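Following: one structure in structure tokens, then a few remarks.
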Amino acid sequence: MPSSALPMPASYPARVQPAVLCNFIDGCFRPARGGATTVAQNPATGQTIATVPDSTAHDVNEAVAAAARAFPEWSTRPAEERAALLMRLADLVERDLDAFALAESENTGKPLSLARSLDVPRAIANLRHFSGAVLEDQTQVFDQDLPKGTMRSTVIRKPLGVAACISPWNLPLYLFTWKIAPALAAGCTVVGKPSEVTPLTAWMLSQLMVDAGFPAGVCNVVHGRGPLAGAALVAHPDVSCITFTGGTITGESIARAAAGSFKRTALELGGSNAAIVCADAADDAHLPTTVDGLVRAMFTNQGQVCHCASRILIERSCWDRLVPALVERTRALRIGDPLDTATDFGSLISAPHLLRVAGMVDAAVHGGARVLCGGQRVSPDSLPDRVRHGAFYAPTLLQDVTADAEANQEEIFGPVATLIPFSADADALRIANGTKYGLSATVWTRDDERATRLSRGLTAGTVWINGWMMRDLRVPIGGFRCSGIGREGGQDALHFFAEPMVVVQSTGG
Ligand code: NAD
């Protein structure tokens with residue numbers, strides 16, 4: 001496998017030694033009270049890159065208390081001041097973009113080029129977006145004439161209090177900032193809990209919060225395992241709302257834990273996303289762009305994006321043209337050292353996750369599926385020395401997977417897609433909608449009417465036509481059914497963190 005120069009910004013501390021991460025509570029950096037730690041690894045090399053506080057309820061209690069103390073002052077500050085601090089934080093992340101990208105790549109195994117072009121720029125955009133959005137969020141006023149005089153109803157949005165922001169490992173900084181930015185902009189104070197698997201960039205962000213000038217206690221970051229620190233945060237009586245992104249089973253336990261205290265909850269969960277490919281998208285003029293788009297939708301971030309397409313529904317009449325082209329393009333992905341600028345495809349998040357993905361493929365094969373490409377761990381001999389022990393699984397396309405197989409019904413969250421033929425649009429919609437999920441879908445056709453019909457027939461929070469993951473941060477994003485509750489993005493996110501209160505004033509009469 002070719003290896004070009006490895007860019008290594010000097011500022012990333014974990015290059016020098018495993019970084020020692022701390023919680024960020026009340027403006028101070030502290031280890032977990034009990035002194036316990038876990039480790040974070042680079043899944044591409046197997047090396048330990050950080051020790052991480054293994055926080056418990058003690059640490060969570062301190063963080064929530066600090067956030068509760070900071071809330072009265074923060075929530076009554078002019079929105080312009082809150083927005084300015086978020087802008088400053090965005091500028092600092094942008095200044096350190098290379099260091100953040102390297103940390104994200106090392107902690108996740110994703111290509112450095114992806115962290116640099118997607119994860120970190122999007123985190124910066126999140127901070128800037130909500131900084132602007134809160135200033136555009138107008139107070140609603142409704143005037144009504146009465147028989148005598150008038151009535152004015154003003155809708156005020158009062159920040160809820162302490163927000164728990166719990167994020168997963170696949171897009172660590174991107175999704176952490178997607179939660180804390182609207183919470184802080186709306187006037188909530190925050191206790192954030194990043195994934196214990198990928199804590200590095202949230203820790204780096206907490207250091208920049210000091211430099212940006214956030215008051216102590218406004219944004220706290222507690223590191224630790226989900227069932228310990230995460231569960232304590234969710235159960236804490238002084239937490240007013242929970243925004244969670246992660247697995248559906250975890251979401252279920254959070255919904256249960258929050259129900260008794262009526263905490264407002266937003267859950268962004270898993271998916272089993274379909275792509276519907278119509279024959280015209282595979283004609284001579286469109287085949288290359290369709291294939292490129294599908295390969296991106298299936299394999300970006302090694303298939304570990306909640307919106308990745310894992311079921312590709314292909315109109316029967318173009319099967320023989322499209323399938324070989326998909327296989328060829330998939331085989332051409334350059335698997336290698338994530339730090340190599342030529343690498344398209346890096347390591348999965350961990351060896352246990354690789355085993356889970358491999359298990360789903362093996363079960364499908366056992367049930368009669370045919371492997372068109374991939375279907376196994378990447379041979380260490382084909383990898384550069386530095387990463388030969390990493391969690392690399394080859395991008396995989398399967399055919400003849402039974403409808404009820406796990407690979408067609410459950411979230412794979414890895415570089416695996418099943419190819420399924422269809423003849424009529426009604427069949428495509430039935431198959432696409434035939435799981436318990438409803439996160440997103442894609443439709444590939446140049447026929448606008450057909451695209452509209454198909455997209456309206458899908459049960460999915462987002463449908464992309466002839467593309468994937470194009471995002472306007474103003475639109476509501478979320479899932480149907482087991483893919484979640486609530487929406488993130490734009491005003492929906494800001495309004496999640498505030499309770500509407502109506503003040504009615506009468507005049508005259
Ligand atoms: P996960 O559910 O294991 O963990 C997510 C977060 O929840 C982590 O911070 C974890 O520590 C915490 N957690 C775990 N158990 C908890 C508990 N009992 N109480 C409170 N917190 C707890 O998910 P993951 O494996 O980190 O991430 C992968 C999943 O995330 C996939 O299912 C993927 O689809 C989903 N995801 C969804 C979206 C979306 O927008 N819908 C986006 C990205 C990822």
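Every read-out reported here was derived from the displayed coordinates using simple, explicitly stated rules and does not represent laboratory data. These numbers were taken from a predicted model, which means no experiment stands behind them. A quick note on method: Cβ atoms are made from the backbone with ideal geometry, for glycine too, and the neighbour counts reach across all protein chains shown.
A few remarks follow.
- Relative contact order %, the chain, counting alpha carbon pairs below 8 Å whose residues are six or more apart: 19 percent
- Computed from Cα atoms alone, the Kirkwood hydrodynamic radius reported for the stretch 273-473 is 17.0 Å.
- Neighbourhood charge, 15 Å Cβ-Cβ cut-off, centred on Ser483 and excluding it, Lys, Arg +1 and Asp, Glu -1: -1
- Ellipticity at 222 nm from helices only: DSSP H runs of n ≥ 4 in the chain, each -39500 (n - 2.57), divided by the residue count, give -11000 deg cm²/dmol.
- Coarse-grained scattering of the stretch 132-211 at q = 0.16, 0.26 Å⁻¹, given as base-10 log I(q)/I(0) from a Debye sum over alpha-carbon atoms: -0.70, -1.21
- Positive minus negative residues near Gly251 (Lys, Arg vs Asp, Glu; Cβ under 15 Å): +3
- Cross-link partners for Lys436 among the lysines, with Cα-Cα distance under 30 Å and sequence neighbours closer than 8 places in the same chain left out: Lys110, Lys179, Lys193, Lys263.
- For Arg456, net neighbour charge (Lys/Arg +1, Asp/Glu -1) across residues whose Cβ lies under 13 Å away: -1
- The loop-placed chymotrypsin sites (Phe, Trp or Tyr not before Pro) in the stretch 226-320, going by DSSP, that have at most 16 neighbouring Cβ atoms within 10 Å of their Cβ come out as Phe262.
- Residues whose placed amide H lies under 5 Å from that of Ile49, excluding near-sequence neighbours: Ala40, Gln41, Asn42
- Cα long-axis angle, helix 57-76 against the chain (0 to 90 degrees, to the nearest 10): 60 degrees
- Given charges at Cβ of Lys, Arg, Asp, Glu: the stretch 273-473 dipole, positive-most of Ile465, Val443, Ala297: Ala297
- Cα long-axis angle, helix 319-331 against the chain (0 to 90 degrees, to the nearest 10): 70 degrees
- The separation of the stretch 301-373 from the stretch 54-119, counted between C-alpha centres, amounts to 32 Å.
- Acute angle (nearest 10 degrees) that the helix 448-457 long axis makes with the longest principal axis of the chain, alpha-carbon atoms: 70 degrees
- Whole-percent P(r), the chain, all Cα pairs, 10 Å bins from 0: 4, 19, 28, 25, 16, 6, 2, 1, 0.
- Selection from Pro338, Ala424, Gln399 lying farthest towards where the dipole of the stretch 273-473 points positive, charges on Cβ: Pro338
- Residue exposure proxy: Thr48, Thr343, Thr139, Thr38, ordered by other Cβ atoms within 10 angstrom of their Cβ from fewest to most, comes out as Thr139, Thr48, Thr38, Thr343.
- Within the stretch 14-74, the proportion of Cα pairs with more than 18 Å between them is 45 percent.
- Relative contact order, whole percent, for the stretch 273-473 stands at 28, derived from Cα pairs under 8 Å and 6 or more residues apart.
- Ordered by the number of other Cβ atoms lying within 10 Å of each residue's own Cβ, fewest first, Ile485, Ile276, Ile49, Ile156 fall into the sequence Ile156, Ile485, Ile49, Ile276.
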